[in-house]
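Enquirer: The structure under discussion is supplied below as structure tokens; questions concerning it will follow.
The numbers here are math on the coordinates, done by the rules we state, and not lab data. Just so it is clear, the model here is predicted, and its values are computed rather than measured. For neighbour counting, all protein chains shown are included, and Cβ atoms are generated from backbone atoms with ideal geometry for every residue, glycine included.
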């Protein structure tokens, strides 16, 4: 019984400490936790995002995102806006994991 309790506590801590790297894109702005705008180049971005293939490959708010199929499993719901001035966060998708990360650290709190 104690093993099950400690395993449950460990899992809760693990999920909380992963800092919102499992995301789910929503269809309505009102459903989103964060509104994002996709920029054309890395210099314009607040965050460079690398998309990972499995949820256990995400980092701790370091730009490695996993797009989940289920809204209930996502840590943040995002909505892609059409205009930069409506966004909470500007992102740029990168091709390599080492390129992921914050360019504007003042926006770091948005995904915590």
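Enquirer: State all residues of segment 72-85 that are touching a helix residue (DSSP H, G or I) at 6+ places or on another chain (Cβ under 8 Å) and over 16 Å from residue 22 (Cα atoms); if no residue qualifies, say none.
Expert: Once the filter is applied, which keeps residues that are touching a helix residue (DSSP H, G or I) at 6+ places or on another chain (Cβ under 8 Å) and over 16 Å from residue 22 (Cα atoms), segment 72-85 yields only 81.
Enquirer: I'd like to check something: does segment 62-83 contain any residue that is exposed (fewer than 11 other Cβ atoms within 10 Å of the Cβ) and closer than 19 Å to residue 41 by Cβ?
Expert: yes
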